[in-house]
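To start, the structure under review is shown below, and the notes come after it.
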Amino acid sequence: MADPHNQVFFPSALPELFTAWNRFPDAVPFAGGTGLLRNQGKHILTLPQNILSLERLEELHRISRTERYLEIGAMVTISEILRLGKTVPEALTQSLSRIAGPQMRNLITIGGNICNPLRRLDAAAPLIALDARYELRTAAETRWVSASRFSALPGPLALKPLELLTRIRIPLEEWQYSLYKKFRGGETVDSSIDESGGGAVFMARIQKNILTDLRIVFAGQSVLRDKNSETSLAGKHLPLDRREAEHFSELWKTFLSAVENPGFMLRSKLYNFVESCILSLSD
């Protein structure tokens, strides 16, 4: 239950939301609620003083598709996205299907998953790899930022004060090979600071047995991507020569050894994931 002095606003349009937010700048946007309520085992929940419920904002529940893009409102739940089937790029489908169980996926919104302030959650890696863009709005302006810029680490999310993620735009390009791997962290007093978890995606575009594009992204307590190694295989014929695959794996080993985070165990798991994926494209 909320404290008697808590206030919950239920705006039905974005102008109404920003009016309330400007009046109470400490107010916290509330989507599915799983982030705010996580790790609270008390009978009486601890809630922010002021809450902005996004439930009645119809604009944030919309899904649309063109020939080039899939656009998803920030309040669309994970279950709703999964029900779109093959419309959703395979890398994103794989990551979202690994989030909790069906009941939780009915509550968790894509915007809430993207906007977790403590770590980059399941959707981050595939959305970065897919070159997704996010619409961010304030009372005065609308801007678009890339998923990679929005989620860059170290540092906070690329949200300005009193700015809201409203829409996700995903390019509908064909990737012939997609694989997502979720690395589960160990249990801690506060699992939000556990550095051993995260998710990695491996995507390859192939045309006439030629590897034309390759993307590997990890997101968790850190965001990792080595574009130099990706471009090293562009234009190579498939299946890859074994030596080419081994050289690529060595590039990633060198890259991982140079980064401070994640820790040794997760770096080892991530290297094994990259190595197994690239070897699957070789002789």
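The values are calculated or read from the model by the stated rules, or taken from the named source; none is laboratory data. What you see is a predicted model; the values in this text were computed from it and never measured. Using ideal geometry, Cβ is built from the backbone for each residue, glycine included, and neighbour counts are taken over all protein chains shown.
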Checklist entry - Within the set of pairs 6+ apart or on separate chains, which have a first residue in segment 241-267 that is of a type in the set (Phe, Trp, Tyr), a second that is surrounded by 19 or more Cβ atoms within 10 Å (Cβ to Cβ) and in a helix (DSSP H, G or I), and C-beta atoms under 7 Å apart? => result Phe248/Ser229; Phe248/Ile278; Trp252/Ser229; Trp252/Val274; Phe255/Ser229
Next on the checklist: If I filter segment 103-115 for residues that are modelled with pLDDT of 95 or more, more than 20 Å from Thr77 (Cβ to Cβ) and under 14 Å from the mean Cα position of the chain (by Cα), do I get at least one hit?
Outcome noted: no
Checklist entry - Of these, Leu233, Leu238, which one is of a type outside the set (Lys, Arg), without any contact (Cβ under 8 Å) to a residue 60 or more places away in the chain and within 26 Å of Leu266 (Cβ to Cβ)? => result Leu233
Item to check | Residue list for segment 209-246, filter: small (Gly, Ala, Ser), under 23 Å from the mean Cα position of the chain (by Cα) and outside any loop (DSSP other than H, G, I, E, B) | outcome: Ala219, Gly220, Ser229
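Taking helices (runs of 4 or more DSSP H) that do not extend beyond segment 58-157, which have at least 2 residues that are crowded, with 19+ Cβ neighbours inside 10 Å and in contact with a helix residue (DSSP H, G or I) (Cβ under 8 Å, 6 or more places away or on another chain)? Let's see the steps before the verdict.
Numbers: elements: 78-82, 90-97, 102-105, 110-114, 124-129, 147-150.
Ranges flagged: 78-82, 90-97, 110-114, 124-129, 147-150.
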Item to check | Pairs, first at positive phi in segment 84-98, second modelled with pLDDT of 95 or more, C-beta under 9 Å, six or more apart | outcome: Gly85/Thr93
Item to check | Inter-residue pairs, beta-carbon under 7 Å, first closer than 19 Å to Glu59 by Cβ and in segment 137-158, second outside any loop (DSSP other than H, G, I, E, B) and of a type in the set (Lys, Arg), 6+ apart | outcome: Trp144/Arg133; Val145/Arg133
Checklist entry - Tally time: how many residues in segment 203-227 are surrounded by fewer than 20 Cβ atoms within 10 Å (Cβ to Cβ), in contact (Cβ under 8 Å) with a residue 24 or more places away in the chain and polar (S, T, N, Q)? => result 2
